[in-house]
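Values in this text are rule-based calculations from the coordinates and carry no lab data. This structure is a prediction, so every number in the text was calculated from the model and none was measured. Because the Cβ atoms are built from the backbone with ideal geometry, glycine has one as well, and the counts that use them run over all protein chains shown.
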Amino acid sequence: MQQLSKVPPGSQAICVRCEGVLSRVTPASRTRTAAFALAALWLYVPANLYPIMTMEYMGRHTENTIWGGVQLLYEEGMWYVAVIVFVASMLAPLVKLIGLFFLVAMRGARWQKFRTRIYKFICQIGPWAMLDVFLLSILVALMRFGSFATVIPGAGVYAFVSVVLLTLLASSSFDPQLIWQPKVPDDQP
């Protein structure tokens, strides 16, 4: 049996038998995750309030927001698609960001089980957040209409792309070993 001593920040413990990683300490994981999650939460509001695109088709001018798209899908009788778009584009990213922010903010032994459940839930809803990439590919396809319509990206698309990227960065920078550490001092360089 291999005994594990304290692993210094930026290092990893390797198994002597299989050479697998036993433990890894990611320096400044908590700070980086909090910064990315807070920035994404700050951009979440403009991403959902500002128009994603402006489209001119056959003399008709429309500005579309994510929420407006959900409402239009519901009004057209496609409530199941409206629910999927709402969950994938609005609810899942918000829940994921709040969960990540909670994971880095709450520390100590009494929160460990609850934090573990939150981390597992975030991992489970992760694929739902990947639907944002699919929605962005649809937006790119719409912009390629060319002679059929004029599609101009709105201010919301830049905030939306930023939220998606910052959420991915926040998720990937979180070190799950922080969940099971007793109350530790802030990240060390």
The stretch 32-98: GluC sites (Glu not before Pro) in DSSP loop, at most 12 other beta carbons within 10 Å: 76
What distance in nm lies between label points placed 7 Å from Cα along the C-beta direction at residue 155 and residue 49? 0.9
Using modelled amide H (1.01 Å from N, peptide plane; none on Pro or chain starts), what sits under 5 Å from the amide H of residue 154, excluding residues fewer than 5 places away? 53, 54
What are the residues whose amide H is under 5 Å from the amide H of residue 28, where those residues sit 5 or more places off or on another chain and H is modelled from the backbone? 188
When a/c reaches 1.5 or more, the comparison of a/b and b/c decides; with that in mind, is the stretch 28-92 rounded, prolate or oblate per its Cα gyration tensor? oblate
Phi angles of the stretch 65-77, converted by Karplus (6.51 cos²θ - 1.76 cosθ + 1.60, θ = phi - 60°) into ³J(HN,Hα) in whole Hz with x for Gly and Pro, give 10, 5, 5, x, x, 5, 5, 5, 4, 5, 5, 7, x
